[in-house]
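Here's the structure we're looking at; comments come further down.
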Amino acid sequence: MSDLAIQNNLQRPPMTGPAKKSSSTDEDRKLKELKQRDVQVKSHEQAHLAASGGAAASGAKYTYEKGSDGSRYAVGGEVDIKIQSGKTPDETLRNAQHVERAALAPADPSTQDLQVAARASRMETQARSEMAKQNQPDNQPTSKPKQAYSFGSVSPFGSVDVTA
């Protein structure tokens, strides 16, 4: 069993140190940006979670940045999804479809999300190929050893890195 970690980290340096005495307009703008990112990040991760098909290992986990108002705002997130090859090609196909749906669920899938979807699509193709082989009269059904897929890494808005 492996984890699909759909992560969302914004490529932006965190605000550190004491707030500079700049215009309130500048602080207001930065705070407004943080609030917008918070909404985007949470919406993105919830889309992954909702489309996981019950395979989510946990709820969304977020990384936060503190705003000038003292509140914490989500600037990154992750949803872990358990995925593994099935005992049959049909089960593997269903598992891959869950991964693909979860990766493509947000309205703005990242490059990494698209890579995960492509990997899941290849897993689906392999499962369909195995199903076709089993349906040929000359071949006896074969069972393929389980493959482990490892998912996880970071990129803007819900990224996922996949390795097999």
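When you go through Ala117, Ala103 one by one, which is the residue that is in contact with a Leu (Cβ under 6 Å, 6 or more places away or on another chain), within 30 Å of Met131 (Cα to Cα) and part of a helix (DSSP H, G or I)? Reasoning before the result, please.
Working: Ala103 fails: in contact with a Leu (Cβ under 6 Å, 6 or more places away or on another chain).
Sole residue among the options that is in contact with a Leu (Cβ under 6 Å, 6 or more places away or on another chain), within 30 Å of Met131 (Cα to Cα) and part of a helix (DSSP H, G or I): Ala117.
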Just one of the numbered conditions (1) charged (D, E, K, R); (2) at pLDDT 55 or above; (3) assigned to a loop (DSSP other than H, G, I, E, B) is not true of Arg128; which one? (3)
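Does Gln97 satisfy the criteria of being under 21 Å from the mean Cα position of the chain (by Cα) and at pLDDT 85 or above? First the steps, then the outcome.
Details: under 21 Å from the mean Cα position of the chain (by Cα): yes; at pLDDT 85 or above: yes.
Here the answer is yes, as Gln97 does meet what is asked.
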What residue, among those in region 54-67 that are out of contact with any His (no Cβ under 7 Å at 6 or more places or on another chain) and crowded, with 16+ Cβ neighbours inside 10 Å, is modelled with the lowest pLDDT? Ala56
Which of (1) crowded, with 23+ Cβ neighbours inside 10 Å; (2) within 21 Å of Leu49 (Cβ to Cβ); (3) at pLDDT 90 or above; (4) not aromatic (Phe, Trp, Tyr) does Pro106 not meet, given it meets every other one? (1)
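The values are calculated or read from the model by the stated rules, or taken from the named source; none is laboratory data. In this text, all values refer to a predicted model and were calculated from it rather than measured experimentally. Note: ideal-geometry Cβ built from the backbone for every residue, glycine included; neighbour counts use all protein chains shown.
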